[in-house]
Amino acid sequence: MRADLLADPVAGLDEALAAIDAFDGALVAGLLRPQHAGLLELADALAGSPLADRVAEAVAKTAAGAAGEEHFLVLAAARTALFGSVHDALLARVTEATGRALDTDIESAPGAPQSPNLLAAARSWLADLARAGWQGIDHDLVSGAAPVVSALLPEPGLRRLAALLDGFAAELAASCPGAALDRVPLRRWADLWSRAMLLTLDSPAPAISTATGRLLPLGVDLHEHPTAAQAQVHAVFEPADGPARLVRASVSAPKPDTIIGAGIWQLLRPHLSLLTAVSEGRAMELTDMPVTAEGDLLWQDEHARLGEPADAFATARVALPAALTPATAPLDRHPARIAVPVFLEGYAIERDEDTLTLTIAGHRLAVDADRIPVAGPLTPEAVATSTACIGLLRWEAGDFRVQPLAVESTVRKKTVALQAGAWAGGTSDKAGVKAEKAATDAAAVLRERAGRLLRK
């Protein structure tokens, strides 16, 4: 990989992010009393785009205090479009650095008919939120989301919006009153607001096809939240015909906040047989597995069976360089979504307290050690002594970083591999067994307490 390209500045990137930050700043005080400079900066950034006239109108109406929901939708779309341009520029740089081809074609299908009244109710609450601004939120305003979420949840096609609004409202409620906030998470809340506004529109669904061929896992990215967990397996898919491409398969599960670390695998393992393949170092044979145009496998165990042994590092060395990177759906074009599998070797390692840096051909690449899950044998110490790494290339806080998924090290003249997801399908590792036993005991206590409550 050409690490030098990742260090070069991207033309127009700083200007686009400055326009986004200016608009996000306007949301602090609210769009009923907007900072005109922030709105004008957004309009200037979109001046040469097809959205230019509509954004200029929306900015003028908002500055005059006469904006309606339709104008807030345009502002959300403008912000999303700017972030989309940032995403595309960064992904183009990653594509150039890795030397892999990017699949630019993405198909969509007509979305299922949705409930316009429910969408309008959600849009109305989001518009009130934008008018008040983050400093103007209070419990009365935030609680207005509750009946909207309750009405959205029974509708399968609206659960994505319902889940987003539910989580967003919970964050806002925990921060009320807004006037007392010392620090506002500007970009995060603006991201959530913009995405939610656009989800209130009828939009096409991602096209779904089927995949038949061999799946070669690279590693597992584990996401943990106090009340939920998700494992996302990154892999190379070799179809029966056509070029190999990168795909993902995800499984999520709710969890109590007392189950952490290796115990999370107990919640996820029953729902995805692919986790067993990862921990055992096996390929999987897929037959008519549903897959989206973005490369997300809609996993169904009946369409998969365990295959022959497949070493992740052999896959990274041989199959990964020729794999196509899938396209990204319009709403998902955001730099936070960039997570591109890469293989690195021949690097030097610098360690400064808790900071790890890889030096590749004289160019430095930071290691995102905070993303290494504790639910596996991979540790920052193991990365610090590694000779090869499979990771996800991400962009954060203005720089590219690599999140390790697996590393190779030389121990007593033997090559040893460690995977972040090595305990995903079960383990005989002493540390893993001990952690799982603790989680099992915690789960048993929770079940016993839940049973008492139900009996009462």
Open item on the list: I need the full set of residues from region 342-357 which are touching a residue at least 12 places away in the same chain (Cβ under 8 Å), assigned to a loop (DSSP other than H, G, I, E, B) and not small (Gly, Ala, Ser), in order please.
Closed with: 347, 354
- [ ] Determine, yes or no, whether residue 298 is more than 28 Å from residue 89 (Cβ to Cβ), touching a residue at least 12 places away in the same chain (Cβ under 8 Å) and within 21 Å of the chain's Cα centre (by Cα).
- [x] yes
- [ ] Looking only at region 351-384, count how many residues are closer than 30 Å to residue 436 by Cβ and exposed (fewer than 14 other Cβ atoms within 10 Å of the Cβ).
- [x] 3
Open item on the list: Out of 372, 360, I need the residue that is of a type in the set (Val, Ile, Thr), under 22 Å from residue 335 (Cα atoms) and touching a residue at least 40 places away in the same chain (Cβ under 8 Å). Which one?
Closed with: 372
Task: helices (runs of 4 or more DSSP H) contained entirely in region 1-87, each with at least 3 residues that are of a type outside the set (A, V, I, L, M, F, W, C) - done: 13-29, 36-45, 52-63
Open item on the list: So, in region 145-187, how many residues would count as being surrounded by fewer than 16 Cβ atoms within 10 Å (Cβ to Cβ), under 20 Å from the mean Cα position of the chain (by Cα) and either over 18 Å from residue 128 (Cα atoms) or in the same structural domain as residue 27 (by TED's automatic domain parsing) (or both)?
Closed with: 5
Open item on the list: Just to be sure before I move on: is residue 42 in contact with a Leu (Cβ under 8 Å, 6 or more places away or on another chain) and touching a residue at least 60 places away in the same chain (Cβ under 8 Å) in the structure I sent?
Closed with: no
Open item on the list: Residue pairs, Cβ under 7 Å, 6 or more apart or interchain, first in region 1-29 and under 12 Å from residue 82 (Cα atoms), second assigned to a helix (DSSP H, G or I) and among the polar types (S, T, N, Q). List them.
Closed with: 16/85
Task: Among (1) surrounded by fewer than 16 Cβ atoms within 10 Å (Cβ to Cβ); (2) in contact with a Gly (Cβ under 9 Å, 6 or more places away or on another chain) - the single one residue 333 does not satisfy - done: (1)
Task: Checklist (1) within 30 Å of residue 238 (Cβ to Cβ); (2) among the hydrophobic types (A, V, I, L, M, F, W, C); (3) free of Cβ contacts under 8 Å to residues at least 12 places away in the same chain applied to residue 170, failing item - done: (1)
Open item on the list: Step by step: first the residues of region 416-431, then only those that are in contact with a Ser or Thr (Cβ under 9 Å, 6 or more places away or on another chain) and not in a loop (DSSP other than H, G, I, E, B), then the one that is farthest from residue 92 (Cα to Cα). Which residue is that?
Closed with: 416
Task: Odd one out for residue 72 among (1) surrounded by 15 or more Cβ atoms within 10 Å (Cβ to Cβ); (2) within 21 Å of the chain's Cα centre (by Cα) - done: (2)
Task: Restricting region 385-415 to residues that are part of a loop (DSSP other than H, G, I, E, B) and over 21 Å from the mean Cα position of the chain (by Cα), the residue that is surrounded by the most Cβ atoms within 10 Å (Cβ to Cβ) - done: 386
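The values are calculated or read from the model by the stated rules, or taken from the named source; none is laboratory data. Everything quoted here is computed from the prediction, not taken from an experiment. FYI the Cβ positions are ideal-geometry reconstructions off the backbone, even for glycines, and counts take in every protein chain you see.
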